[in-house]
Amino acid sequence: MDDRPVTDTATRPGTRSGAGLRPHVQGQQSLARVQALPWLLFIIMLALAVWLGWRAFGPRDQGDVLATSLVAFEKQNRLTVFSAQLSPVVASEDSRLFGALRSRQVAVIPARVDYTLDLSAMDRNRMSWNEESDTLDVQLPALTIGRPNLDEGRAQYLREGLWITRDAQDQLTRDNTALAERQAVEQAANPVLLNLARGAAKDAIRQNLAIPLQVAGFGNVTVNVRFDGEAQAPPAAARPAN
């Protein structure tokens, strides 16, 4: 008779074998991961929305507005804001052989004069930012009137004289060119043309500053522009808080 103890390998009531337990646990873990995925995506989207909202409506540093504006100016040191098309009418005379040969020339020479702004002179001292009303005040240096560009290829000449030598004709043309250049400068300094040039300069500066500031996230910024010697615009009313 065999006295060795007999091991009971039968499964006790209410218990499961190890082989049956492992698939059940793995299924619970997979289900938990599937259920947690929507919450994880929700948290990520919420954090992204908070970050975007802070970028759009959060506090802004006053220096950033001026720095962004200065960068816009640095891209072009000299800005042509207006061009005037002029047609000076000039006349000159020439006398040779002790006055025996006299000649006269009348010329109409088209000219273009450019009005430019020296943006290299712009710095923080020429700008101020009102955070309450989102208003940027800009003070510009005086306009520069460029040297007239004479279009002598389209010039019209009227000459008078019994006999005009080649040297006399060349001298008359040189004299009329110099006169036309001086007259074009004087015409370009006309108050009417200067006002038109200043208005074009202000519009150009407003556009060159408002668009970069809007792209940088500062919203619809009001840009007030004036030249040296002009009175500053009255302060704008602060915008009501939302």
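The values are calculated or read from the model by the stated rules, or taken from the named source; none is laboratory data. Quantities reported herein were computed from a predicted structural model and do not represent experimental measurements. Methodologically, a virtual Cβ is constructed for each residue, glycine included, from the backbone with ideal geometry; neighbour enumeration extends over all protein chains shown. Note: areas computed on protein heavy atoms with side chains; ligands, DNA, RNA excluded. Shrake-Rupley method; radii C 1.70, N 1.55, O 1.52, S 1.80 Å.
Some points to look at:
- The mean sequence distance of close C-alpha pairs (under 8 Å, at least 6 residues apart), as a share of the length of the range 83-242, puts its relative contact order at 29 percent.
- Extension gain, TYR157-GLU131: 0.36 nm per intervening residue step, less the Cα-Cα distance, totals 3.3 nm.
- Computed with a 1.4 Å probe over protein heavy atoms only, the accessible surface of the range 77-200 comes to 57 Å² per residue.
- Theoretical FRET efficiency, 1/(1+(r/R0)^6), r = Cβ-Cβ of VAL106 and ASP228, R0 51 Å, to 0.05: 0.80
- Within the accessible area of the range 64-181 (1.4 Å probe), percent carbon and sulfur: 46
- Hydrodynamic radius of the range 163-229 per Kirkwood, over alpha carbon pairs, in Å: 15.9
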